[in-house]
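Here the structure comes first, spelled out in structure tokens, and everything after it is commentary.
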Amino acid sequence: MAYPRPLSEKTIERMLMKEGITEEKSEFLHRFFLAAAKLYGVIDLEDLWAVYEKTAEKNQYPKITVREYLAFSLIVRREDLIYRIYEVDELYSKDERDEMMRLIVLKSLKTRAGFMQNMHYMVSDRSMEYPLYIPDDILSFAEDTYTRYEKNFLDYLGELPCRMRYIYNDEGRKVRNEHYRKKLKEITYADSLDRHLLQEYEAGMKTNPGYYRKLLEEQKELVQKPVSQRLFDQFVRHDRADWQDSSWIIGYTIREISEYTGELKETEYRRLVSLMSDLHNHSHLYSMHGWSPDELYRAYPPGKPKIAFGPGIKQMFKDGTYDREELERMAKEAGLDIFDPESDKNLS
């Protein structure tokens, strides 16, 4: 099932007006959905509505009705944003749709190809094991600002020098390294994959410019980023998705860094491990339902393991595939506590 094409701003404005969604409410809902995508990676509308209900009054959010909320979720499907809205049956094998089970999915977790193309399924499955994180003000996650842990890691990366006098080109010949002695924040590059994609997108412009223009622009922007920024973005993306053990991701990132710096000094290696570990422990992870490991540990000290039912299971309760009471009984017999994201209290 193809995802609907974006519509013009004027058409979107008319659709919002038809649903009675004012400019103030539209602005809020755009920021609200954006923040949710950045915080959770994947979240269904039912859980997100619970976040709204618990935080709207103290933050003086605009008063939104469920009807407006659901109508907006359909309209925003027709905009080109960093996230998408999927009906549950577009991602899972379901016979019936439930409006509150629509899913907000960060686009970077559902790429066109590669191992990240179905990462949203892993994020959704893993987040079921945790209670829903409810921040004091979710709108703060809509901002493009670095935490001090992110800034510390990025700044340190940028200062690392390239110590390789020679490198091997695509033909396998040893050549002088034009980036020798430069800092990673001063180096940009286009590797063989970058060049292949640029050629593919440029060729696609001749037959389907509407589809390939944005891809080409994004790829050109990517190859102009400093090496330090690309390495940082890659680490954050993998870490937030938590698709591998954090120690594996740290080791993988250090190997990637070494490809541009040459052999790292022992002090540099230790500092990188420390910075990435701190960043992981203080980052809000998609796979942990928005929690950071540090906050989760403080809110729920180690004890009996706990789980929460995710969108797929909740839909099965509604269509009668699973009996909720029976599943809860089985979980408790297995030594697990059940969290209901709608009633669980955020103790952080």
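The values are calculated or read from the model by the stated rules, or taken from the named source; none is laboratory data. Keep in mind that what you see is a predicted model, and the values were worked out from it rather than measured. Here the Cβ positions follow ideal geometry from the backbone for every residue, glycine too, while neighbour counts run over all protein chains shown. We work out accessible area using only protein heavy atoms, side chains counted, and drop any ligands, DNA or RNA first. Shrake-Rupley method; radii C 1.70, N 1.55, O 1.52, S 1.80 Å.
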Q: Could you please give the count of residues in region 188-205 that are part of a loop (DSSP other than H, G, I, E, B) and modelled with pLDDT of 90 or more?
A: 2
Q | Every pair of residues 6+ apart whose Cβ atoms lie under 7 Å, when the first sits in region 262-289 and is farther than 20 Å from residue 155 by Cβ and in contact (Cβ under 8 Å) with a residue 40 or more places away in the chain while the second is open to solvent by 20 Å² or more (accessible area, probe 1.4 Å) and not in a loop (DSSP other than H, G, I, E, B) | A | 285/240; 286/240; 287/126; 288/296
Q. Just checking, which of 258, 247, 228 is on the phi < 0 side of the Ramachandran plot, of a type in the set (S, T, N, Q), in a helix (DSSP H, G or I) and touching a strand residue (DSSP E or B) at 6+ places or on another chain (Cβ under 9 Å)?
A. 228
(Q) I need the full set of residues from region 90-106 which are open to solvent by 40 Å² or more (accessible area, probe 1.4 Å) and assigned to a helix (DSSP H, G or I), in order please. (A) 90, 99
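Each row is one residue, and each column tells you yes or no for (1) open to solvent by less than 70 Å² (accessible area, probe 1.4 Å); (2) β-branched (Val, Ile, Thr); (3) touching a Cys at 6+ places or on another chain (Cβ under 9 Å); (4) in a loop (DSSP other than H, G, I, E, B).
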| position | (1), (2), (3), (4) |
| --- | --- |
| 61 | yes, no, no, yes |
| 80 | no, no, no, yes |
| 84 | no, no, no, no |
| 108 | yes, no, no, no |
| 145 | no, yes, no, yes |
| 153 | yes, no, no, no |
| 156 | yes, no, no, no |
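Residues of region 291-300 being in contact with a Ser or Thr (Cβ under 7 Å, 6 or more places away or on another chain) and either in a helix (DSSP H, G or I) or at pLDDT below 65 (or both), which ones?
295, 298, 299
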**Q.** Checklist (1) part of a helix (DSSP H, G or I); (2) under 26 Å from residue 239 (Cβ atoms) applied to residue 43, failing item
**A.** (1)
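Okay, residues lined up against (1) at pLDDT 90 or above; (2) surrounded by fewer than 20 Cβ atoms within 10 Å (Cβ to Cβ):
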| residue | (1), (2) |
| --- | --- |
| 271 | yes, yes |
| 274 | yes, yes |
| 277 | yes, yes |
| 284 | yes, no |
| 289 | yes, no |
| 302 | no, yes |
Q) How many residues are assigned to a helix (DSSP H, G or I) and open to solvent by 60 Å² or more (accessible area, probe 1.4 Å) if we restrict to region 158-177? A) 1
